[in-house]
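J.: Before anything else, here's the structure in question.
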Amino acid sequence: MASTPTTASSWLQPFLKILDLEETHDFNDTAVMGGLDKFVQLWSKDMAGQASNVRLARRLLASSYAGLSAEERQTWAKQWRGILASGEEAQPPSASQKKTRKPPSARSAVPSPAPARTQRSKSQDDAKPARRDTRRPPASLTVDEPVDRLRGVDTKLSARLGKLDVTTIRDLLYLFPRRHLDYSQATKIADLEPGQECTVVATVWEAHEVSRGPKGKRKDTEAVLSDDTGNIRAVWFGQRYLARTLKPNSRVAISGKATVFGGQLVFQSPEYELLNESQAAIHTGRLVPVYPLTEGLTGRNVRRLAWQALQEWLGGVEELLPQDLLDRVGLMPLQKAIQQAHYPDDADSWAGARRRLAFDELVTLQLAVLSRRDEQQHDINGVAIHADKQVMDGFYDSLPFDLTGAQKRCLGEIFGDMEKGTPPMNRLLQGEVGSGKTVVALAALLAVAAAGYQGALMVPTEVLAEQHFQTITKLLGGLANPVREDNLVTVYVEPLARPVSVGLLTGSTKAARKRELTKMAAAGTMDILIGTHALIQQAVSLPRLALAVADEQHRFGVLQRSALRQKSQVPPHTLIMSATPIPRTLSLTIFGDLDISNLDELPAGRQEISTRWLPPERRQAAYGFVRKEVQAGRQGFIICPLVEESESIQTKAATEEYQRLSQDVFPELRLGLLHGRMPAKDKDRVMRQFRDGELDLLISTPVVEVGIDVANATVMMIEGADRFGLAQLHQFRGRVGRGEHKSYCLLLCDSPSEVARERLSALERIHDGFELAEVDLELRGPGDFFGTRQSGLPNLRMAKLSDRELLELARTEAARIREEDPDLSAPQHTPLAAQVARFLQVVTDENS
């Protein structure tokens, strides 16, 4: 039975990504941990069901990828790409299936006719407009018209484009290629080399239809092409119409890689283009764009549509930047940049286009962030909180440790903001795991409670909420003996001559206790309320809320934090905590709307975690080390590799790894499994079991990054470590070393790239999170600090936040624009203002 669209999408894109990785690695079977056969075994039923010819798909699935040679694996991958591209299996032609008429020898005289008139193909992919000058859209229409305004875009195709976030013609113009294939160099047939990308301009000698497959159902096209140096055969799988399109004596350009089959060179499903002086080449003979695709979309189709949009609608794109800025910075005009980004004349033209478009993105980002900051601060009156010195000194003296210099500095910055009152504080407190963020947040919450107001702390999981509740009540316990009830603790604070109450509210809080806690909160007698998303439910009211703290901010969208702020009658101060240190360049870009406090000093006695990168042949030794730690009474984590972005594949891989480790590697130990698709209740249960010592090892997907503190955990083993960024690896490492025992981090990966080797070596020698963040930004870019979408930052198509020089230039020019025209109301800034508005709308939509 065929798979549902949801099932297909869950494996299809990862599988195509794996095939791309295999091609990059010369088909050495390293794209998937444990080999590609492991992926196929997990999804074989869905893969067979998605193919139109189930029998032949199953034959492919039955072959062991690991047992094939590199050349056979290449053929296997091409066959699968053929299946997924056309719904049919792709199979090289067999000599026994068809006797091809012998072509003329290389020395034969081949007619060289005038270019033939192009026959319109039955395939939409081949329809393309004649070359002509760019013009504006039809009267009264703009580039923000729906994409179905383009010829050939029906409802079905429009829905497929929607999966690529292309709903308007503007979206299509800004759907930039992932890369370009260099088909610009024409090669004579006699000079062809196997496996080299090239373009051949030739005359069609003959083309005919060939029947293949069960009962001859699949119809391919075979053609013999000639130039003045020789002849070559080309085959297009499942494209029978080409037999009628490729007329004898017509001129054609084909681009791709020639492969050896049956002892002869042959092109298999190359890109092709009939040569006609009135039409521009878009598939061959140039730098050809490779666009992101989704199921049901072909590269030819997207190129055809992008070309149509460029030729007929690009003139409707308004220049965003004033001419004096373009001259000052040395940027090409916007319309030219968009054209060259899609179809560049050469590599230098593409580089110039990327620089211009990246600059636009960064300037827009800066202006949007500053605009959001102004909105948050404009005419908003907050409440002024003056920290009671006697209360705070008593709290500091009661702590079993001394505050670090960084903690004291951050508290000074927070209290300075809260004392001003207007506008309310909007501050990011960042520091790596173990830097003491909780104590700083508690001091701020206590200051608010001492002033007669309420404070709230929102965290992403129930276990983290319980952990904060226990930590905070323990730290407050030094002031006086706390009175403990279920989910409620009161501590008498002598200078106030009254108790301070701390409550815990989560989704699993019992109904009776929840009613009591919400009643106290609504009455204003609950001083500090800790909880999960339950805090932003309508039933919860905090009328005197003066400080809202959000821990692990990238787990909450902008609107969730906004919902917490709206619980109060007066806009509260906001403190966001993050355990992922961010380089200054990046933080000013993404969090330009926040003031930033850095906890860049670890408390005394915090141990350094021994970190080692191990090659695959040392895996058994690593398992032995983990077993030794458990036998000594300790616990450990094993992180499953990040295969790709699909959570469903991630879950299957983690489940498979958990079963393998439980049965084959650690059968005598108690193992638990944690992954992102588990219900919150089950996830919390497993984390509690691990925290309470009922499990020896926790097998987890990367969800453990924001995990619980387990003092007894001493070993962190990370599989596929090369697939993570330094910031995330450092987060994993911070899950151990929380207690008195020596702790270790083991990094395993099979065949890391040169950049990955640099990254892992940096993690071995560097233990400071801020220094690692700078290294990660240099080596890998910003993707792993929060992930662009999680941070409320739309996907940057051309800009890299590691482009420091361009970023600083964009920031300088954005500041100049704001100084001259704060509201972007001047006529020369109208297009730029519209671009900023579109950007902010995307931010809002992605965080809804």
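The values are calculated or read from the model by the stated rules, or taken from the named source; none is laboratory data. Quantities reported herein were computed from a predicted structural model and do not represent experimental measurements. A quick note on method: Cβ atoms are made from the backbone with ideal geometry, for glycine too, and the neighbour counts reach across all protein chains shown. Ligands, DNA and RNA are stripped out before the accessible areas are found, and what is left, the full protein with its side chains, is counted by its heavy atoms. Shrake-Rupley method; radii C 1.70, N 1.55, O 1.52, S 1.80 Å.
J.: How far is it, in nm, from the label point at Arg179 to the one at Arg757 when both lie 7 Å from their Cα along the line to the Cβ?
T.: 2.1
J.: Evaluate E = 1/(1 + (r/R0)^6) for Ala190 and Arg670, where r is the Cβ-Cβ distance and R0 equals 56 Å; express this FRET efficiency to the nearest 0.05.
T.: Approximately 0.25, to the nearest 0.05.
J.: Tell me which lysines have Cα within less than 25 Å of Lys628's Cα, excluding those fewer than 8 residues away on the same chain?
T.: By straight Cα distance, Lys628 reaches Lys742.
J.: What pairs in Lys652/Lys683; Lys188/Lys219; Lys510/Lys683 have C-alpha atoms more than 23 Å from each other?
T.: Lys188/Lys219, as the Cα separations exceed 23 Å there.
J.: Take each of the peptides 62-74, 709-721, average the number of other beta-carbon atoms within 10 Å over its residues, and list them starting from the highest.
T.: Details: 62-74: 13.9, 709-721: 22.2.
The most tightly packed comes first, giving 709-721, 62-74.
J.: Same structure, new question: Report Val369's accessible area, 1.4 Å probe, all protein chains in place, as a number in Å² to the nearest 10.
T.: The accessible area of Val369 comes to roughly 10 Å².
J.: Could you check the simple spin-label distance between Glu764 and Asn712, using points 7 Å along Cα→Cβ, in nm with one decimal?
T.: 3.2
J.: OK, next. Suppose each label sits 7 Å from its Cα in the direction of the beta carbon; what would the Asp165-Lys389 distance come out to in nanometres?
T.: 5.2
J.: Starting from the Cα-Cα distance between Ser211 and Arg612, subtract it from 0.36 nm times their residue separation and give me the gain in nm to one decimal.
T.: Values: separation 401, 0.36 × 401 = 144.36 nm, distance 5.75 nm.
Stretched fully, the Ser211-Arg612 segment lengthens by 138.6 nm.
J.: Continuing with the same structure: On a straight-distance basis, which lysines could pair with Lys389 in a cross-link, Cα separation under 23 angstrom, same-chain partners fewer than 8 positions away excluded?
T.: In chain and number order, the partners are Lys408, Lys420, Lys437, Lys474.
J.: Would you kindly find the accessible area of Thr364, with a 1.4 Å probe and non-protein molecules such as ligands, DNA and RNA excluded, rounding to the nearest 10 Å²?
T.: 0
J.: A further question follows. Nearest 0.05, what FRET efficiency do Thr422 and Ala62 give at R0 = 60 Å with Cβ-Cβ as r?
T.: It comes to 0.25.
J.: In addition: Can you give the extra length, in nm with one decimal, that the chain gains between Ser508 and Asp324 once fully stretched, where that is 0.36 nm per residue apart less the Cα-Cα distance?
T.: Using 0.36 nm per residue and subtracting the Cα-Cα distance, I get 60.2 nm.
J.: Can you tell me the length gained on complete extension of the stretch Asp402 to Ala480, counting 0.36 nm per residue apart and subtracting the Cα distance?
T.: This chain segment gains 26.2 nm when fully extended.
J.: Sticking with this one: How large is ³J(HN,Hα), in whole Hz, for each residue of region 726-732 in order, when computed from phi with the Karplus curve 6.51 cos²θ - 1.76 cosθ + 1.60 and θ = phi - 60°, using x for Gly and Pro?
T.: Couplings: 4, 4, 6, 4, 5, 4, 4 Hz.
J.: Show me, for region 14-29, the HN-Hα J-couplings you get by feeding each phi into the Karplus relation (A = 6.51, B = -1.76, C = 1.60, θ = phi - 60°), rounded to Hz, glycine and proline as x.
T.: x, 5, 5, 5, 5, 4, 4, 4, 4, 5, 4, 8, 6, 6, 9, 6
J.: In the structure displayed, which of Lys17/Lys800; Lys17/Lys38; Lys17/Lys247 lie more than 25 Å apart, Cα to Cα?
T.: Too far apart for the 25 Å limit: Lys17/Lys247.
J.: May I pose another question? For a Förster distance of 22 Å, can you work out the FRET efficiency between the beta-carbons of Ser44 and Asp20, rounded to the nearest 0.05?
T.: Efficiency computed from Cβ-Cβ geometry: 0.60.
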